[in-house]
Amino acid sequence: MDIEISSYIVLGALLFGIGAIGFLVRRNFLIQLMSVELMLNSVNLLLVGFNRAHASSHDGQVFTFVVIAIAAAEAALGLALAIAYYRFKNSAETDLGDLLRH
Amino acid sequence: MSASFSLLFSFAAVLALASGLGTIAARRPLRAAMFLLVHLGSLALLYLTLSAQFLAAIQVLVYAGAILVLFVFVIMMIGPGYDRPTSFRALFPKTLSTVLILSLALSMAAILGRVDLPMSELPEGFGGVKAIGLALYRVATVPFELIAMVLTVAVLGVLGIARKKTAIELSREAAPQGGEE
């Protein structure tokens with residue numbers, strides 16, 4: 001009666017790939033953080049999808065709830081790091097953060 | 001019911017993919033944030049097709065309402081920053097990582113896309129506020145309380161990171177002429 005779970009899995013895999021590519025290719029601190037959010041969201045989608053397939057409990061949705069809370073904490077910390085990094089380098093480009101490389 | 005659900009699914013899936021690509025392709029961070037807003041909204045629609053109404057509301061409230069506003073605040077604080085054009089040296093690792101991640105994601109989609117799990121019958125009130133609340137307080141009480149601690153610790157960490165001056169800033173203040181790194 002409903003949409004197949006496989007279409008959600010394919011969509012989640014593609015969204016995770018998009019987020020991972022964005023994290024690796026972009027060099028802007030903020031856009032990299034947004035890519036992390038994309039990856040977290042694709043995992044949330046899979047959790048809710050599998051919970052729909054096993055509808056006798058709400059474990060997947062509770063897990064998603066916790067992941068959303070962790071994502072909020074992660075975004076707050078990441079943005080604070082972005083501000084600290086910007087004050088340090090006067091730029092949001094992560095290529096410039098090579099202090100530990102030399 | 002079923003036809004409208006699959007129509008909603010296709011619409012939201014195409015929207016999620018397109019706005020996700022827009023997020024990582026946008027040159028300005030503010031445009032990326034706007035694409036991310038569309039992406040989060042389309043994910044809320046996808047949650048609705050999975051009959052997770054409470055999570056769809058939480059998604060809009062927490063992600064679009066709180067996290068994205070935080071992003072926009074920080075973009076406004078540190079200004080728009082354009083990515084410089086990719087240097088020739090950085091082209092190889094970027095292409096390699098794109099190809100590798102793309103092959104990984106596509107093979108994952110091809111293999112796991114064959115999973116055939118029948119959607120089970122929905123119990124009464126599945127995904128509603130009452131059901132999720134009962135699950136949170138009966139099954140996951142300790143994790144739920146731990147979320148509060150995690151958020152408090154995160155706020156304390158943010159205060160520590162964003163408030164103090166770095167050692168390099170302090171040394172710059174002590175010796176204003178010595179701007180060399």
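Taken together, the values in this text are just the output of simple stated rules run on the coordinates, not laboratory data. This one's a predicted model, so the numbers in the text were calculated from it and none came from an experiment. Cβ atoms come from the backbone with ideal geometry, glycine included; neighbour counts cover every protein chain shown.
Using 0.36 nm per residue of separation minus the Cα-Cα distance, give me the extension gain between B:S4 and B:I111 in nm, one decimal.
Answer, rounded to one decimal: 35.7 nm.
How would you classify chain B from its alpha-carbon gyration tensor, with a ≥ b ≥ c the square roots of the eigenvalues: rounded for a/c under 1.5, else prolate if a/b is greater than b/c, otherwise oblate?
It is oblate, given that a/c is not under 1.5 and a/b is not larger than b/c.
Mind listing the Cα extents of the protein assembly as shown along all three principal axes, in Å, largest one first?
The Cα atoms of the protein assembly as shown stretch 72, 43, 28 Å along their principal axes.
How large is the helix-only mean residue ellipticity at 222 nm for chain B, computed as the sum of -39500 (n - 2.57) over DSSP H runs with n ≥ 4, divided by its residue count, in deg cm²/dmol to the nearest 500?
-23500 deg cm²/dmol
Only four residue types carry charge here, +1 at the Cβ of Lys and Arg and -1 at the Cβ of Asp and Glu. Report the dipole size of the protein assembly as shown about the Cα centre in Debye, rounded to the nearest 20.
740
Which is farthest toward the positive dipole end of the protein assembly as shown among A:I83, B:L15, B:A175, measuring Cα position about the Cα centre, with Cβ charges +1 (Lys, Arg) and -1 (Asp, Glu)?
Comparing the listed Cα positions along the dipole, B:A175 ranks first.
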